[in-house]
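J.: Would you mind keeping the following structure in view while I ask a few things?
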Amino acid sequence: MKIRVLGASGSELPGHNSPAFLVDDFLLLDAGTISLSLDRDAQCRISHIFLTHAHLDHIKAIPFLLDNIVSSRQKCRLTILSGQDVLDDLQKHVFNNRIWPDFSRLPTSEAPVMRFQELSTEGFFQVKEYKIYPTRVDHPVPAYGYLVEEAGGNAFVYTGDTGPTEQIWSRMAGHRVKALITEVSFPDELLALANISGHLTPSLLQAEISKMPELPEKIYISHLKSYYRAAIRKELGHVTAPPIILLEDDMVLCV
Ligand SMILES: [Zn+2]
Ligand SMILES: [Zn+2]
């Protein structure tokens with residue numbers, strides 16, 4: 001699998017986009033950044049968007065993508081997938097004909113550009129030859145991480161935003177997890193802020209690694225608050241783990 005990082009940051013500045021990871025050109029994990037990074041044809045190749053949760057930095061590119069598709073009369077269609085609680089929030093608070101049009105009824109209610117697909121945390125959801133296993137993670141709002149496995153058995157895990165958690169680590173057991181994409185938002189000096197906002201610091205990541213029944217080959221870190229990037233990088237140097245790599249926009253990972 002080829003994972004293109006459209007955005008990997010926990011705060012926005014030039015060159016630091018909100019989270020979005022494009023897998024093999026068609027499957028998107030989170031949607032913080034799309035139309036400022038992909039040309040129109042590449043936008044149209046996206047068919048499935050798996051959302052970890054409904055926080056704005058993970059969903060905010062969807063309205064503009066839909067607007068591009070409908071206004072340019074392209075034939076592409078989007079399926080938005082997540083837990084029903086996340087989809088309900090999107091429908092109620094974004095696509096409510098007040099903040100943004102209800103694109104699940106546009107251009108026509110018979111053939112809308114967007115449809116919602118509820119995911120269950122039991123088993124997996126299959127798209128083409130890819131199996132996607134949703135698992136609960138711990139954040140102040142309903143949130144899911146995903147294990148994505150290709151037909152050959154290689155897999156990666158994306159946690160999205162999470163504080164200390166359990167289930168997704170157990171989910172890795174028995175899979176060939178080549179890469180873990182997780183988050184470290186704050187340095188250790190802001191541990192209290194990390195705890196109340198449901199995020200990790202380097203020392204919290206160390207504790208999470210010790211819970212993993214099987215270690216991934218590499219750990220990629222996203223969602224850094226840009227202001228603390230240097231401090232977080234230094235503290236991650238003390239974490240005992242598989243190789244740890246800080247993600248940057250436009251990186252391409254091969255799994
Ligand atoms: Zn969040
Ligand atoms: Zn976030």
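Bear in mind that the values in this text are calculations on the coordinates, not laboratory data. Small disclaimer: the values here were computed from a predicted structure and weren't measured. Reconstructed Cβ throughout: ideal geometry from the backbone, glycine too, with neighbour counts over all protein chains shown.
J.: For Thr240, Thr135, what's the fewest-to-most ordering of other Cβ within 10 Å of each Cβ?
T.: Numbers: Thr240 8, Thr135 19.
Ordered from fewest to most neighbouring Cβ atoms within 10 Å, Thr240, Thr135 come out as Thr240, Thr135.
J.: For the chain, just give the cysteines left without a disulfide-compatible partner, judged by no other Cys Cβ under 4.7 Å.
T.: If one checks each Cβ against the other cysteines of the chain, Cys254 turn up with nothing under 4.7 Å.
J.: To continue, here is another question. Placing +1 on the Cβ of each Lys and Arg and -1 on the Cβ of each Asp and Glu in the chain, which of Thr240, Ala54, Val141 has its Cα farthest towards the positive end of the resulting dipole?
T.: The residue sitting farthest along the positive end of the dipole is Ala54.
J.: Further, regarding this structure: I'd like the Karplus ³J(HN,Hα) series for the stretch 113-127: coefficients 6.51, -1.76, 1.60, θ = phi - 60°, whole numbers in Hz, and an x wherever there's a Gly or Pro.
T.: 6, 10, 10, 9, 10, 6, 10, 10, 7, 8, x, 10, 10, 9, 10
J.: Under unit Cβ charges (Lys, Arg +1; Asp, Glu -1), what dipole magnitude, rounded to 20 debye, does the stretch 174-255 have relative to its Cα centre? Write down the numbers at each step before the final one.
T.: Working: 8 positive and 10 negative charges, 25 e Å.
Dipole about the Cα centre, nearest 20: 120 debye.
J.: Charges at C-beta only: +1 for Lys and Arg, -1 for Asp and Glu. How large is the resulting dipole of the chain about its Cα centre, in Debye rounded to 20? Don't skip to the end; give the middle numbers.
T.: Working: 24 positive and 31 negative charges, 95 e Å.
The calculated dipole for the chain is roughly 460 debye.
J.: Next question, about the same structure. If you take every DSSP beta bridge whose two residues both sit in the chain, what share of them, in percent to the nearest 5, is antiparallel? Please list the in-between numbers first.
T.: Details: 24 of 49 bridges.
If I count the DSSP bridges inside the chain, around 50 percent turn out antiparallel.
J.: Shape of the stretch 1-132 from its Cα gyration tensor (a ≥ b ≥ c, root eigenvalues): rounded if a/c is under 1.5, otherwise prolate when a/b > b/c, or oblate? Intermediate values should be presented prior to the final figure.
T.: Working: a/c = 1.21, a/b = 1.08, b/c = 1.12.
Judged from the Cα gyration tensor, the stretch 1-132 comes out rounded (a/c under 1.5).
J.: Using the C-alpha gyration tensor of the stretch 45-84, what are the square roots of 5 times its eigenvalues, in whole angstrom, with the largest one first?
T.: Values: eigenvalues 81, 29, 8 Å².
One finds semi-axes of 20, 12, 6 Å for the stretch 45-84.
J.: Top mean-square fluctuation among Asp89, Asp25, Asp39, Gaussian network model of the chain, C-alpha springs under 10 Å?
T.: Asp39
J.: In addition: Can you classify the chain as rounded, prolate or oblate using the Cα gyration tensor, where a ≥ b ≥ c are the square roots of its eigenvalues, rounded means a/c under 1.5, and otherwise it's prolate if a/b beats b/c and oblate if not?
T.: Cα axes put the chain in the prolate bin.
J.: Ranked from highest to lowest mean number of other Cβ atoms within 10 Å per residue, what is the order of the peptides 172-185, 103-116, 201-214, 222-235?
T.: On the way: 172-185: 21.6, 103-116: 14.6, 201-214: 16.9, 222-235: 18.6.
Output ranking for 172-185, 103-116, 201-214, 222-235: 172-185, 222-235, 201-214, 103-116.
J.: Also, I was wondering about something else. Show me 79-85, 245-251 ranked by packing, highest mean number of other Cβ atoms within 10 Å first.
T.: Working: 79-85: 19.4, 245-251: 15.4.
Ranked by mean Cβ neighbours within 10 Å, highest first: 79-85, 245-251.
J.: Let me ask you something else. Cross-link partners among aspartates and glutamates for Lys234, C-alpha distance below 14 Å, same-chain residues fewer than 8 apart left out?
T.: Within the straight-line cut-off, Lys234 pairs with Asp188, Glu189.
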